[in-house]
Amino acid sequence: MNYAVEEACGILNMDRDEIMTSGCRIYTTMDSRIQRLAEEAASDGSLFPENAADGTKVQGAIVVLDAKTGGIAAILGGRDQDTHGLNRAVQMQRQPGSAIKPVMVFAPALEYGNYTTTTLLNDQPASFGGYAPSNYGNKYNGTVTLREAVARSLNVPAVAILDDIGVDTGKHFASKVGIGFTGEDIGLSLALGGFHKGVSPLGLCAAYQPLANGGTYTEPSC
C-alpha cells in the first residue's frame, strides 16, 4: 500500500496527504494471494536465523513480478508492520553475488558475443590481469558448456566471458534492464556481483524479467 501511494504521488504530482484526502481510487497490480503468502513466509520464524543477542530481528524482503507486464504482484519491505518504515525491497542495496551472472555475463554474451549455449568453456583456476576468482568449494569441472556454467553458477567461466566481451558490454546490457552502476564499478569482479553499492531486490527481480518475457524489459510498477 505504501509503495502504491508513493508511486501515485509521483504520477499525479501530489504529496501523500493530498493523495490520502483526495478521494482517488488507486488500482494496483497486487495479487492478494501471493501477497498473503509473502507475509506468511516473513512471519514464520523457522525460515530465518535466530534474532541477534540484543533481540534485533533478522530481516528480509520479497518481490514477485508478473513477467509479462512488469506489474508488482507482491512486495514486502521487511518482517515488521511499520507502515512508514524502511522498504528493504526497494531502498536497500546489497551485493547481488552470483544472482547477477545471467544479467551481467551470460545474457550479454549471447546477445553481443560469439557465444551459444553449447560454447565450450574452461573451468580451471585462472588469473585475469591479476584477478584470480575461484569456484565455490574450490571445485573445478574442466571443459563445460555455457549452459552448464549457468546451471552450476561457475565463477571462473563467468569471469572469463566478461573478460572476453568486455566489462562495458556487460554493463551496457545490465543498464538496459535497470541495473545501476557507480563510477567505481569497473572491474571483472562485477561478474560475481562485486558492486560498489549493490542492487535492490526489486531492481534485481526486474532485471530477470526479459529472460522470461521474450527479451522485453518493462520498468516495474504497481
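Some values worked out for this structure:
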item	result
Interchain or long-range residues, amide H under 5 Å from residue 145's placed H	121
For volume of the Cα convex hull per residue in Å³, calculated from these coordinates, the label among (i) 135; (ii) 228; (iii) 165	(iii)
Accessible carbon and sulfur surface of segment 34-181 relative to its total accessible area, %, 1.4 Å	50
Surface accessible to a 1.4 Å probe, per residue, for the residues of the chain, Å²	57
Förster radius 30 Å - calculated FRET efficiency between residue 56 and residue 176, Cβ distance, rounded to 0.05	0.20
Under the Karplus curve 6.51 cos²θ - 1.76 cosθ + 1.60, θ = phi - 60°, whole-Hz ³J(HN,Hα) for segment 140-145, x wherever Gly or Pro sits	10, 10, x, 7, 9, 7
Residues of segment 135-154 with amide N under 16 Å of the 7 Å Cα→Cβ point at residue 118	144-149
J(HN,Hα) series, segment 31-44, from Karplus relation 6.51 cos²θ - 1.76 cosθ + 1.60, nearest Hz, glycine and proline x	9, 4, 5, 5, 4, 5, 5, 4, 5, 5, 5, 5, 8, 8
Under Karplus coefficients 6.51, -1.76 and 1.60, residue-wise ³J(HN,Hα) of segment 180-192 in Hz, glycine/proline x	x, 10, 10, x, 7, 7, 10, x, 5, 5, 4, 4, 10
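The values are calculated or read from the model by the stated rules, or taken from the named source; none is laboratory data. In this text the structure is predicted, and so the values were computed from the model without any measurement. All Cβ positions, glycine included, derive from the backbone under ideal geometry; neighbour counts span all protein chains shown. For accessibility, only protein heavy atoms count, side chains too; no ligands or nucleic acids. Shrake-Rupley method; radii C 1.70, N 1.55, O 1.52, S 1.80 Å.
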